[in-house]
1. List, by residue number, every residue in segment A:153-185 with a reduction of 40 Å² or greater in accessible area between the chain on its own and the complete protein assembly, 1.4 Å probe.
2. Add -39500 (n - 2.57) for each DSSP H run of 4 or more in chain B, then divide by its residues: what number comes out at 222 nm, to the nearest 500 deg cm²/dmol?
3. Would you be so kind as to list the residues of segment B:40-69 that have their accessible area lowered by at least 30 Å² in the full protein complex compared with their chain by itself (1.4 Å probe)?
4. With the Cα gyration tensor of segment A:307-408 giving a ≥ b ≥ c as the square roots of its eigenvalues, does the rule (a/c under 1.5 for rounded; else a/b larger than b/c for prolate; else oblate) give rounded, prolate or oblate?
5. Under a plain spin-label model, where a point goes 7 Å from the Cα along Cα-to-Cβ, how far apart in nm are B:A31 and A:V152?
6. Along the positive direction of the dipole of segment B:111-236 (beta-carbon charges: Lys, Arg +1; Asp, Glu -1; about the Cα centre), which of B:A234, B:L195, B:A163 reaches farthest?
7. Take the alpha carbon atoms of segment A:354-430, find their center, do the same for segment A:150-182, and report the distance between the two centers in whole angstrom.
8. If each of B:E17 and A:Q700 carries a label point 7 Å out from its Cα toward its Cβ, how far apart are those two points in nm?
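The values are calculated or read from the model by the stated rules, or taken from the named source; none is laboratory data. Small disclaimer: the values here were computed from a predicted structure and weren't measured. A quick note on method: Cβ atoms are made from the backbone with ideal geometry, for glycine too, and the neighbour counts reach across all protein chains shown. Note: areas computed on protein heavy atoms with side chains; ligands, DNA, RNA excluded. Shrake-Rupley method; radii C 1.70, N 1.55, O 1.52, S 1.80 Å.
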Amino acid sequence: MHLFLTYTIFGLVLGGVYAIAASGLVLTYNTSGIFNFAHGAEAMLGAFLYWEVRYGWGVPTPLALILVLGVFGPLMGGLLYLVIMRGLRNTAEVTKVVVTVALMLGMLYLSEWFWNPQTDRTVVPFFGITSQVKILGADVTTHELIALGTAVLIGLGLRLFFYRLRIGVAMRGAVDDPGLLELNGHNPERIAALSWAMGSFLAVLAGVLLTPISGGALQANSLTLLVIDAFAAAVFGRLRSIPRTYIGALVLGLAASYVLAYSPKTWQWASNFRVSLPMIVLFVVLIVLPQDRLRGASVARTRERAHLPSVRSAVIAGAALVVVVVLLRQLMNDSDITTITLGMTFAVIALSLTLLTGYAGEMNLAAVSFGAIATMVSYHIGVTGHGLASRSTLWGIVVGVIVTAVVGAVVSLPALRLRGLYLGLATMAFGVFLTDMVLMDSNPHRIPLIHTKFSLFSGGAGINSLVIPPLRIGPLDLHDGTTFLVTATVVFAVLGIGLVALRNSSYGRRLTAMKDSPAASATLGQSLLRLKLSVFMLSAAVAGLGGVLMSMALGSVTPDNFSIFLSLSLLMLTVVAGISYVSGALMGGLLSGVGFALIVSTFHDLASRHGSVHGLFSFLASFATVTPALIGIGVGRNPSGSVHDFVDSYRSLRHRPRVLVGGGAVEAVLYVLSLTNVLGHWWFAILTSVLVMFLPLVGQMSDPARREQEAAAVPLELAGIDSPYSDGLRAELDRALGIEDLLPPERLARSRRNGRRSDGSGDRSMTEPLGAGVGDAGT
Amino acid sequence: MTAPVTDDGRPIEGGAEPILELVGVRAGYGAIEVLHGVDLVVPRGSLVALLGPNGGGKTTTLRVCSGLLRVASGELRVAGRTVNGAAAHDLARVGVCSVPEGRGIFPNLTVRENLWLATGTGVARDRVESVAFDRFPRLGERRNQLAGTMSGGEQQMLAIARALATEPVVLILDELSMGLAPLVVSALYETVAELASSGISVLVAEQFAKTVLPIAQSAAIMLHGRVVRVGEPAAVEEELASAYLGG
């Protein structure tokens, strides 16, 4: 009884803190439609800052609390809204996810930069550890009582705020219609900023309260993942209801506490189970709770755009990629080759995101976790030989990929009626569950019937890692670095071409139709179920293949190689590069696999070599770790991705072969210079990127017919509105309408003459600028 | 087709100064311009009907008037003062009350909470409630019900109640009749006529001209983002058919 009481109180306290965190999450999601993945990171920053102020600067506790909770928390939230979140109107769900994920990663790096993770930091409970009271015989610290009391007060306070204050009612009104709120004389911007300030305050409060309860040691990662416990509680309230969120949080807290108390000692996995409990709850709740129905009325026109390449150009690009990689191979030393290979395997995983998110508009926040499944399968059934001579077999990879596809189906099947964010959360729950539970399974179990010992993720002797030997198919042996690199590139190119072909097929068009409007797609007789299931399986298979290749490139993998943070940052960089493009996947994969690691290590090298400016270079190195997050945050301004802009800029060069040939020649010279060691490899890389970036600009500057082309680039429905109505445009319109051939020669001449006349008047006040050509044809 | 009338802004009855005025207003969404120079005058104390087929720019014009959409060029004047770029909530506070297309209510708030939010313009809460419940007793019966669960007519009553209670200078109504039974529509327009006769200036956009022309003092036809005709309701009615059919 005594044990039960102690753990019940502990569970209630834990649940109360979860509830505080989760209500902040619900608050911001409802007022701005943004699900804040950085909520836990805000809590973490708050807790670290509290530690710094309280113990670093030695400020008394009440003053430190006022500074952190009263000033820092609300200020951070308000600024986040004003600087970043406000710009996310009319963007796709994935863009919003990516921006907050970027924010989360950025805050993590930032805290590591300011507060060295190697140092131990402890936060003492309020009034000390010894300050305890006895409740029915159980010892409860004052801190726990304060935490519980605060949770109750916050719950009551929020209730009063939302129902008894006009600004609270207005906040609830903003969920329905911010425009109407404005017509009622309220300022929706101010209301949204306030809600973000409150959300951030609640996050920081949860962070400060939680640390002493969960042991007192301050850890950035575990505090950031607090958000996952909050997710589960918030989803329990369907991301809307705060009372239900509170109930969900209490259930979670109690369950975690009871697992800790009552699980038998023989259950070695009990502690892993406790850690992944919120994820399991999240998954179950997502599946059980009713979801919104399909909505067809408001087809949101998002700001994301994408060009669609033809299969022919994809084949050319794929071949070019292989050639470029083979050429670059000549410049690289062995360690570079391994790094680039790793990047290429990441790019293959990123392809699964292009298919799933870019084409079909569904979300998978745990792409790399699917790679773990294929890795495990191919480790257990597809390795031949021993020691250095051991090799993976094609058979193992094929079965691994198939199993991953099946697991993908099993994960997504119950989640199929979920859409967008909910599906994303379900995959995230699965991913975290996999890393916390399945990949931690390193102790051998005795399997009852066949009496062999078996563990899922262990290379033997309880070591929590797997050694994945390189693949050998007949004469092709990936033991050789160059062969591996070229093979990975070819795999990427073939899959990429396949994806483009798929996108151009009727299946691809059906996927995009589903992305744009599930309701319209369903009324056209598409089976959304079949489409989603098939695309999810395909995508999981691609991720599985990429994952196995990644494991081979790494040689030996630990659960950390499949962490959810890796999946999230891969998704982020792919969206930054352009989620709807195969080349976006290439760029995103290479960036997350190699790019930033290379830049950071370069700066560290420079810092150690040049002692006098050591400070500057190590600052740059630290700054470079934050850069990906900054780029990710910037995606709100350019949600189509950078590849999109790049393609657009090169589009104008299509009719300028001389500029292209010139650029190619310069690049060839650079390559030869670098090959003969006249030019350093870094110089080659820098000059090449400068050339690639500025070539379109050169093309534009040197183009005599630039204005003409710009006029022709205006979409036809806008022609004549923003630009003069020229002869060429009139001919273009006639051609687009298909009436050019119908016009008899003399009419054609008259129509041309009319065109010239209105050109002469040359202003924008013409009546019916568009009707003229059509009217001529009709009369 | 009739050439655009270049009305120089003289109100039909003469005498009353314009309370709401659009002069050569261009506006649109992103790169797409919808209004290509709209001239429109709402004289003080009169009811102006804005007619025309779908896609003519009526709703966009009203969005400009209420401040939800920025003027790209031209001028928006309220009571003779240029208010280009003023935010919608500022315009609401100086007395421009706008009931948007569909239902101008918050479906997930109760009737009382909806009315409470109407006090954003500076009216006392008691006053809003007493005016609303006196004029529409049905709302009083349902004061604690979620607004979204009421019938379409009741929702529109709630939307109009805001206009009644906050005593605006200009009332802007968009497609009041949308999705409602004809009987409900005529009852609503009776209220609008009362409001207009009490001295509030009203601008109404409506696809179904017949419902609004009898109570209007003047009417304007919008086509392809321009006001192509302004005049007495009776005169405008005759030209409507040709405007709709693209004459």
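1. A:R166, A:V169, A:R172, A:D176, A:L180, A:E182, A:L183, A:N184, A:G185
2. -10000 deg cm²/dmol
3. Residues passing the criterion (a loss of at least 30 Å², heavy atoms only) are B:L68.
4. Verdict is oblate for segment A:307-408.
5. Distance between label points: 6.1 nm.
6. Result: B:A163, furthest along the dipole toward the positive end.
7. 42 Å
8. Reported label-point gap for B:E17 and A:Q700 is 4.9 nm.
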